[in-house]
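See below for the structure under consideration.
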Amino acid sequence: MTTPAGLPSLTLSQARALLAEAESQPVEQAYKAVAEADGDAVLRRERAIAARFLRLLPGPCMLHLNDENGESPSGSSGLPTAASRRLVITLLHGNEPSGLLALLRLLRMNLQIHGSVACIIANPAAALHEQPFHHRFLPGRRDLNRCFFSPNGVTKAGAVPVDDDFALAEAILASIREYAPDSLVDIHNTSGKGPAFAVSVCDDVCHKALTALWTCDMIVTDLRLGALMELSERSVPTVTIECGGVGDSNAVLIACEGLRRYCQIPGQRALEPDAGAEQAMQTRVFRNPMRLQLEASTAIAYCDAVDYHQNERIAVDLGEDIVLAEDADSLNFGAVGPDTVIARMRPEAVGKLSVKSHIGVASVTDYFGLRGYDLVTKHSTRFFMMTTRADIALSDCLCYFIANE
């Protein structure tokens, strides 16, 4: 069996040259138009430059953030010879740009990096499809962050990939194996508004210390979906960092400051348990949230909050199965009591809801009930990652939640 090839690599000087080229061009009107939906003027400009930067890349690739003449020189293989190797990955989802924007901010700095740091830009094609930073993955294709491992832990990608998405996942894995990092951080955005948090499959001191570079909140899950962070079980400590909402300029700041700290951790290894113990003690851990999922055929809509709250029959009136307020993401990370309304529904559509936990499919009626046209909680519940995008609610899930909070 042949060894899968990894991703092409760019040096720091090559990456900076591409960024300078992207910044030297006028901001195209098309990029102005698609970027105006979210964020302030500075963020819109950064997105436009980032989109042009992606177009200059050879495709998915690895950027080395150390100066070729710096403290972490490259050996004959092109890999850094320093003992400490840290790896960042961004754009596994094409609609989540904060990690990329943070990376470009760091490229503009004269940052003193301890050890060696590289960054994989995973899916430029999805990020650039139609309007930049809108598509989570290419239409008709797989979610790349579900292509790394099957639920039983067997690698889906292989010497003869099933399709292009698994092939890309295998190329990313090959690059990770070749680079052999001491730790890996996967930077994302949430599709709705909310605070930053980390997700991990482990809650030891090392993972908590990684988390603490970005946030004090950490979700630990035993649910296996084929996500990159599941590498923690096999080879390298890995956390996913959800920096906040896509259109939130503060999410870019959180991503950038955490990335700067990650690059500047002193010592031979990116994280040593003793050094991270104090930060780890401050980490708030939430365990095993469940997924509230919708059938792919579900008719879902989001509406003005005033209309939503004034009309309990709005799902029926609009001809939808389920209707949520456009600010439904205000529930994120908040704990609500029993009988809290989270959506309006046609009663006959309740069967299109399902709950998935780390031990399998659970009963929806154990956690949610229908009161007239209102979908309500049955217990004190804390919500995470409540989305305000219908396509993501259908292709992934409506939200995560923990009952009896």
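Please treat every number below as a calculation from the coordinates, not as lab data. All figures in this text were calculated on a predicted structure; none of them were measured in a lab. Neighbour counts are summed over all protein chains in view; Cβ atoms, including those assigned to glycine, are modelled from backbone coordinates with ideal geometry.
Restricting attention to region 311-405, which chymotrypsin sites (Phe, Trp or Tyr not before Pro) occupy a DSSP loop and are surrounded by at most 13 other Cβ atoms within 10 Å? Walk me through the intermediate numbers first.
Numbers: sites: 333, 367, 368, 373, 383, 384, 400, 401; in loops: 333, 367, 373.
Sites meeting the loop and neighbour criteria: none at all.
Can you put 197, 166 in order of Cβ neighbours within 10 angstrom, beginning with the fewest?
Numbers: 197 24, 166 20.
Lowest to highest Cβ neighbour count: 166, 197.
Arranged by the count of other C-beta atoms within 10 angstrom, fewest first, what order do 208, 193 take?
With the fewest neighbours first, 208, 193 line up as 193, 208.
Taking every eigenvalue of the Cα gyration tensor of region 290-403, multiplying by 5 and rooting it, what semi-axes result, largest first, whole Å? Write down the numbers at each step before the final one.
Numbers: eigenvalues 75, 47, 39 Å².
Gyration-tensor ellipsoid for region 290-403: 19, 15, 14 Å.
Can you tell me how much longer the chain between residue 174 and residue 317 gets when fully stretched, taken as 0.36 nm per residue apart minus their C-alpha distance, in nm with one decimal? Numbers along the way, then the final one.
On the way: separation 143, 0.36 × 143 = 51.48 nm, distance 5.19 nm.
This chain segment gains 46.3 nm when fully extended.
Taking region 313-390, which trypsin sites (Lys or Arg not before Pro) meet the DSSP loop condition and have no more than 12 other C-beta atoms within 10 Å? Each step should come with its number before you reach the end.
Numbers: sites: 313, 344, 352, 356, 371, 378, 382, 389; in loops: 313, 378, 389.
Listed in order of number, the matching sites are 313.
Over all directions, the average projected area of the alpha-carbon convex hull for region 174-268 comes to how many nm²?
Its average projected convex-hull area is 6.5 nm².
In the neighborhood of residue 283, defined by Cβ-to-Cβ distances under 10 Å, what is the net charge if each Lys or Arg adds +1 and each Asp or Glu adds -1?
Values: positive: 208, 284; negative: 203, 217.
Taking every other residue near residue 283 into account, the sum is 0.
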